[in-house]
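The values are calculated or read from the model by the stated rules, or taken from the named source; none is laboratory data. Please read these numbers as outputs of a predicted model, since none were measured by experiment. With ideal geometry, Cβ positions are generated from the backbone for all residues, glycine too; neighbour counts draw on all protein chains shown. Just so you know, the surface numbers come from the protein's heavy atoms only, side chains and all, with ligands and any DNA or RNA stripped out. Shrake-Rupley method; radii C 1.70, N 1.55, O 1.52, S 1.80 Å.
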Amino acid sequence: MRPQSIASRLASLPAEARKAALSELTGEEAEEVYADWRFWARPEQLPPAGRWAGWLVLAGRGFGKTRTGAEWVSWRVRSGLARRIALIAETSADGRDVLVEGPVGLLNVGPQAWRPSYEPSKRRVTWRNGAVATLYDAREPDQLRGPQHDTAWLDELAKFRYAQEVYDQVMFGLRLGDDTRWLATTTPRPIPLIKGLLTRGDVIVTRGRTRDNLDNLAPTFAAEVLTRYEGTRLGRQELDAEILDDAPGALWSRR
């Protein structure tokens, strides 16, 4: 039986006892807790239990989708479940600036000893155990023809111009190992692919709103963005992650 981690023991304590215990940690112990995503994450940011093919996170802006994706990839690498990973973003710049080098990208999550190296010219992220992630540009679905993977992360899938084509190529390439998984993190749009995934029995769907992560967002964001857009059509999509089928101003609604 694996020993319980420091973070797990702390999480089981009442709030006051946990606060006191945190203040008594050694530097090494504090680093371990800081790097343990399970201690800080909200339940909906942790991977679902059991067997599933895909995990679809439909959430509003600022929910923590990127952190969720990066921590999931990092965890699978450290667990030995991921050896060849596909990282797909709307553009190559998004992949570099958000998924890899961003504040909560792959270079900045997980234990310090497990932080990967990045070779921009090769679109490659490499971890110390030999696991490799390759960046792909969703504007070029054919990039995904040929390569094989055991893990895939599609970020902002609903924004992809060729969403169905990209998704199909990712599925064709997920053929390594016996535990292939994919994760899509996105603010929803009413495209056929997203609607289809919602009906799949082998896809776990997690929904979330911007307000779920308000404690970690700049106060000005709440003052400006939430006040201005909550309750509007745009706010319902971008903040509350609703899938809006009806065209604005249409004479008849779908219902």
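Here, the chain is characterised by an Rg to Rh ratio of 0.99, where Rg is the alpha-carbon radius of gyration and Rh the Kirkwood radius.
For the chain, with all protein chains present and a 1.4 Å probe, just round the carbon and sulfur fraction of the accessible area to a whole percent. Carbon-and-sulfur percentage of accessible area, whole number: 50. Within the straight-line cut-off of under 13 Å between alpha carbons, the aspartates and glutamates reachable from Lys159 are Glu90, Asp94, Asp137, Glu238, sequence neighbours fewer than 8 places apart in one chain being disregarded. FRET efficiency for the pair Glu230 and Lys159, taken as 1/(1 + (r/R0)^6) with r the Cβ-Cβ distance and R0 = 22 Å, rounds to 0.50. With all protein chains kept in place, the per residue accessible area of segment 1-85 amounts to 56 square angstrom at a probe of 1.4 angstrom. Scaled against 2.2 N^0.38 Å for its residue count N, the alpha carbon radius of gyration of segment 116-252 is 1.27. Solvent-accessible surface of segment 115-166, taken per residue with a 1.4 Å probe and all protein chains present: 47 Å². Compute the Cα gyration tensor for segment 84-138, then decide on rounded, prolate or oblate, letting a ≥ b ≥ c be the square roots of its eigenvalues: rounded whenever a/c is under 1.5, prolate when a/b is larger than b/c in the other cases, and oblate in all that remain. Oblate. Remark: segment 1-86 is approximated by an ellipsoid whose semi-axes, taken from the C-alpha gyration tensor as √(5λ), come to 26, 17, 13 Å, largest first. Ligands, DNA and RNA excluded, the heavy atoms of Ser117 present near 60 Å² of accessible surface to a 1.4 Å solvent probe. Derived value for segment 162-223: Kirkwood hydrodynamic radius 14.5 Å. Basis is the mean of 1/r over every pair of different alpha-carbon atoms.
Taking the inverse of the mean reciprocal distance over all distinct Cα pairs, the Kirkwood hydrodynamic radius of segment 41-80 comes to 11.1 Å. Let me make sure I get this right: for segment 74-184, a, b and c are the square roots of the gyration tensor eigenvalues over alpha carbons, sorted descending. Under 1.5 in a/c it's rounded, otherwise prolate if a/b > b/c, else oblate. Which is it? Oblate, because a/c is 1.5 or more while a/b does not exceed b/c.
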